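The block underneath contains the structure these notes are about, expressed in structure tokens.
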């Protein structure tokens, strides 16, 4: 109830802000549309792969060319594509390889990505927040230095290589050492054939991709949490809380943490959007049937309607999360003015 | 004006010592107090030396870039020479072993490093150039110019970077310069924000007003009075950007949309290694460790630079 009241009170300020941000978001999406269309057209003939396919007749190609507007000037083509993408119908929004509209397929794969990202974010939060808080409380201690060193490694590690090494060590080598017939942590796919409803099997498939995907976020978030905590730790209101005789557990765990978590929430929201769109590498290495792998395969097969569909879908997610992060930030911290 | 921005005139200025008169003149100009006999260069050097990891990293990076520069002379074998021995583990003849085609892995690492290190440096420099230009204009002119440019920065920051880079890599057909330009064009925003920030505050200072009163043109004020004072954060940010660029290039090349074989890069060497990882693990370890060590060195070096150039600067992490 209290939240609802604050929400309504905020609405007067919030609505114009949201409207402005929507206009801005449309600008971002327009930019993405122009860039991705130009890039795809710069690769040459979008139908090149189809022309090489002996089962597709010249009549089919001619029909596609007409329906996609490829005989028209490029600017006109752009609007053919835009119209098809927005309506979700027409040849520009049909995958060459799946022979079906792209957005239902993307939505289907997106759910698998969502599973992976949800577990990764949960794991990264569970590690990064305590790490950052403890580093801040023990600033310049051995623990703090160790955490700093680890985060430097996290920043400097290309995640695809980290994934490969995990496959090699925790996938293959561990299986050898333990003398198992199957790896303890699987290195590919979401579940073993026929084990679709086996929770344990699914979890064993999740471990390595989740570790890979959370490496960079743990490095980033723990640093962020550390500095956010350092910002509040010397505030007067904490001294007051201590002077009142509150136990240290309450002073840190309740009073300090409440304010130290605010900036982190924003970063987490933004990074989560980036993860949803950018799990390409992890999904490719671990053959995770998500949106990133779909994008990678579409690009390899020159399935341009699918490529563009995924880019647009990803951009929409990014824009929405950006907006949500801003709103939530102002909601949590009344000192922030929407402007 | 703090002593920190006072040393901006010589930039990072390790190699460039200035005459005492020069320094005195600058101290007077900026009202900063220098201890007798220590030039900005010396102050920088004293602070930088204290950061032991940064010193080690600086030496390591020098060695790596020397290796890249003289790669054909240093490589023990021809990196493209195919031997019918197949993949061999590391030995006295081939320190890092050979790949499936019998090519010497060490020579390929050295030649591949040439590509990765060059891409990292050029991309960072390009991004710094674009970012500085945009930031200068936005920060100096302010008002609607600033507003428009900063909205552009915001928008570019909310683009899905990796997918666009992959499509762009395909569009340029894996040409080295194409990738360099694309990477530079999509990563300049951090520097733009930094430069804009320092320009916004610097342009209100008295020495700028004095210069304007003496009839200096906008361009002269920007390049001679403002830019030297904003150079420290640019240098730090650009250094760190070298590491990011190396990683992004390796990701693109690994996925097959960056540098194309037969030209080796640390990224595309791992594409081949991936499928035979269990059989020939040395092919996976060497390129990956090369990337990690190089980027780690860049990051430590950048960290040391930050501490030495500008101890008061707030840390900016992307």
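The values are calculated or read from the model by the stated rules, or taken from the named source; none is laboratory data. Quick caveat: nothing in here was measured; it's all calculated off a predicted structure. Every residue, glycine as well, gets a Cβ built from its backbone with ideal geometry; the counts of neighbours run over all protein chains shown.
Quick notes on this structure:
- Every residue from region B:81-98 that is loosely packed, with under 14 Cβ neighbours inside 10 Å and touching a residue at least 60 places away in the same chain (Cβ under 8 Å): B:89
- Filtering B:253, B:290, B:265, B:217 for residues that are free of Cβ contacts under 8 Å to residues at least 12 places away in the same chain and either over 22 Å from residue B:47 (Cβ atoms) or in contact with a helix residue (DSSP H, G or I) (Cβ under 7 Å, 6 or more places away or on another chain) (or both) leaves a single hit, B:217.
- Residue in region A:197-209 that is in a helix (DSSP H, G or I), crowded, with 20+ Cβ neighbours inside 10 Å and within 14 Å of another protein chain (Cβ to nearest Cβ) present: yes
- With respect to (1) modelled with pLDDT under 90; (2) assigned to a helix (DSSP H, G or I); (3) within 14 Å of chain A (Cβ to nearest Cβ); (4) under 21 Å from the mean Cα position of the chain (by Cα), the lone exception for residue B:272 is condition (4).
- Some residue of region B:105-115 being part of a helix (DSSP H, G or I), free of Cβ contacts under 8 Å to residues at least 60 places away in the same chain and under 19 Å from the mean Cα position of the chain (by Cα): yes
- Members of region A:104-114 that are out of contact with any helix residue (DSSP H, G or I) (no Cβ under 6 Å at 6 or more places or on another chain) and buried (at least 16 other Cβ atoms within 10 Å of the Cβ): A:105, A:112
- Yes/no for residue B:246 being in a helix (DSSP H, G or I), under 22 Å from the mean Cα position of the chain (by Cα), facing chain A (nearest Cβ under 10 Å) and more than 23 Å from residue A:304 (Cβ to Cβ): yes
- Of the criteria (1) in contact with a helix residue (DSSP H, G or I) (Cβ under 8 Å, 6 or more places away or on another chain); (2) outside any helix (DSSP H, G or I); (3) at pLDDT below 90, which one residue A:335 fails: (1)
- Of all residues in region A:259-267, one or more are part of a helix (DSSP H, G or I), under 20 Å from the mean Cα position of the chain (by Cα) and either within 11 Å of another protein chain (Cβ to nearest Cβ) or under 23 Å from residue A:97 (Cα atoms) (or both).
- Each residue in region B:275-287 was checked for being over 28 Å from the mean Cα position of the chain (by Cα) and within 7 Å of another protein chain (Cβ to nearest Cβ), and 3 pass.
- Residues (modelled with pLDDT under 90 and surrounded by fewer than 22 Cβ atoms within 10 Å (Cβ to Cβ)) located in region B:275-301: B:275, B:276, B:277, B:278, B:279, B:280, B:281, B:282
- Residue that is surrounded by the fewest Cβ atoms within 10 Å (Cβ to Cβ) [pool: residues in region B:249-263 that are more than 7 Å from every other protein chain (Cβ to nearest Cβ) and over 13 Å from residue B:173 (Cα atoms)]: B:262
- Of the residues making up region A:314-331, those that are surrounded by 21 or more Cβ atoms within 10 Å (Cβ to Cβ) and under 26 Å from residue A:43 (Cα atoms) number 3.
- The residues listed here are A:94, A:41; of these, the one that is in contact with a strand residue (DSSP E or B) (Cβ under 6 Å, 6 or more places away or on another chain) and surrounded by 12 or more Cβ atoms within 10 Å (Cβ to Cβ) is A:94.
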